[in-house]
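Notes to accompany the following structure.
Taken together, the values in this text are just the output of simple stated rules run on the coordinates, not laboratory data. No experiment lies behind these values; they were computed from the predicted model shown. Cβ sites come from the backbone with ideal geometry, for glycine too, and all protein chains shown count toward neighbours.
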Amino acid sequence: MSEKEEDYEFDTISDEEIEDDDEVLVHSRIHYDLTMLQKIKRIAFWALFIMAFYYFASMNSGYMNFLEVTGTERVESRVKFLLGLLVLVVFGNIAGPIAGGIGALLGDIVYQLATVKTIRPEYLLIAVLLGAGSGIFRFNKDETLKQMKVMKYFYSLVGASLISLGIMFLIALIRYPSINWDLEIGKALQFNYIQFFFSELLTYLFFGPLLIALIDRVLRWASNPEGIAYRFFFTHHYEEQADHAIPLDFGGYQFFVCTRCSGTVSGIIFMVFIDYSMLQFFGYEIIHPTVALILCIVFTLPALADWGTQKMQYRTSNDIIRLITGLFLGAAIHLLVLAMEKYVVAVIIILVVSFAAFFTMFFLGNRKLRKFIMESMKKPVDEPEERK
């Protein structure tokens, strides 16, 4: 052993001490008693996600093929699988009645304006009814399956379907006060309403509770006995770095995800939502490729700078900064796709430079971290007293 190595010895920490510290850090990230502001933020978060996913699903499999009756023309619609409504009742059950109702309202307004350029009140009421009604018996890890709360959820969907059928007939009577149900238009309305009712039953009466039960099983498998799911695949941070992850509350299950990555995914979703919905409204791309190229450069820099300065041990970030820079990064990813329509070479250069900067800071940061760990594990050994 060299003279330098003889002057130091390494501290040892037991595995139990490490696990206890990691567990305390993970628990410190969970907020069980939310303030009013935190509750409002959580409702807003879920409402925006429900709005976006409901809109995307409805554009591919929505309800606007029903009630397409104008004048005396009879247009009949058949039973179909309405994916948008399934998304609504599942997310509404997880998020709760307030977030479900608000998300359904916003999503259905955008969907109707993008498809028929007007607001049909009967469908708007039905969407809000399903979004809010599905959250009355809200998903909960201790009640949904253990206390058969899922059956109450099933019955609430049956009730919502019946009420929605009544709403459609009521709106028809208000809109067409002198309607004759024996004429062609009256028969078309009746036929389409009944088909819509059976489409609702086909879509979510069975698949809604089934998906909720499946979600509960998956979360239960991924969680510890306390309902905390901290998986490296979703956080890519070990538990000693739990301050880089945030918990998402799924009915009492605390599912941890990487803060910046969750912001990035959210940024992609909402940027696609804005771009696609505006395309439906105006009929053309509102973001020019040149503007998209400039913005994707500008939006990438904050995330790269925030992550890089942390990796190099120059500073410590926080949840808000990580989340916001992640949102910008997600928006930049979608803008990069738009810019490729005209600037393929420029996009490739941006990607090469960005990844080169990323891996350079990753390498230097890891080397600096290893050096710091080695130095912190050493401690001087007291010199033995000379014998007299």
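Taking the beta-carbon count within 10 Å as an exposure proxy, list His31, His237 from fewest neighbours to most. All intermediate terms of the calculation are to be shown ahead of the outcome.
Values: His31 12, His237 16.
Fewest-to-most Cβ neighbours within 10 Å comes out as His31, His237.
Report the local net charge at Met151: Lys and Arg +1, Asp and Glu -1, summed over other residues whose C-beta lies under 15 Å from its C-beta.
Numbers: positive: Arg138, Lys146, Lys149, Lys152; negative: Glu143, Asp216.
Net charge around Met151: +2.
Output needed: Cys residues of the chain lacking any neighbouring Cys C-beta below 4.7 Å, sorted by number.
For the chain, the answer is Cys296, because their Cβ atoms have no other cysteine Cβ under 4.7 Å.
Taking the chain as the reference, fit the longest principal axis to its C-alpha atoms, fit the long axis of helix 259-282 to the helix C-alpha atoms, and give the angle between the two in degrees, 0 to 90, nearest 10.
30
Over the Cα atoms of segment 284-381, what is the Rg over Rh ratio if Rh follows Kirkwood? All intermediate terms of the calculation are to be shown ahead of the outcome.
Values: Rg = 17.7 Å, Rh = 15.2 Å.
Expressed as Rg/Rh, it is 1.16.
Send over the Kirkwood Rh of the chain, from the inverse of the averaged 1/r over different Cα pairs, rounded to one decimal Å.
Details: mean 1/r = 0.0404 Å⁻¹.
Answer for the chain: a Kirkwood hydrodynamic radius of 24.7 Å.
Any idea what angle helix 289-311 forms with the longest principal axis of the chain, computed on alpha-carbon atoms, 0 to 90 degrees, nearest 10?
40
With the chain treated as a Gaussian network of Cα nodes joined by springs under 10 Å, which of Ile194, Ile268, Ile102 yields the largest mean-square fluctuation?
Among Ile194, Ile268, Ile102, the largest mean-square fluctuation in the Gaussian network model of the chain belongs to Ile194.
Counting other beta carbons within 10 Å of each residue's own, what order do Met36, Met340, Met271, Met374 fall into, fewest first?
Numbers: Met36 7, Met340 16, Met271 22, Met374 10.
In increasing order of surrounding Cβ atoms, one gets Met36, Met374, Met340, Met271.
Rounded to the nearest 10 degrees, what's the angle between the helix 207-222 long axis and the longest principal axis of the chain, both from Cα atoms, 0 to 90?
Result, in degrees: 10.
Taking amide H atoms as placed 1.01 Å from N in the peptide plane, list the residues 5 or more away in sequence, or in a different chain, whose amide H sits under 5 Å from that of Tyr253.
Answer set, sorted by chain and number: Lys141.
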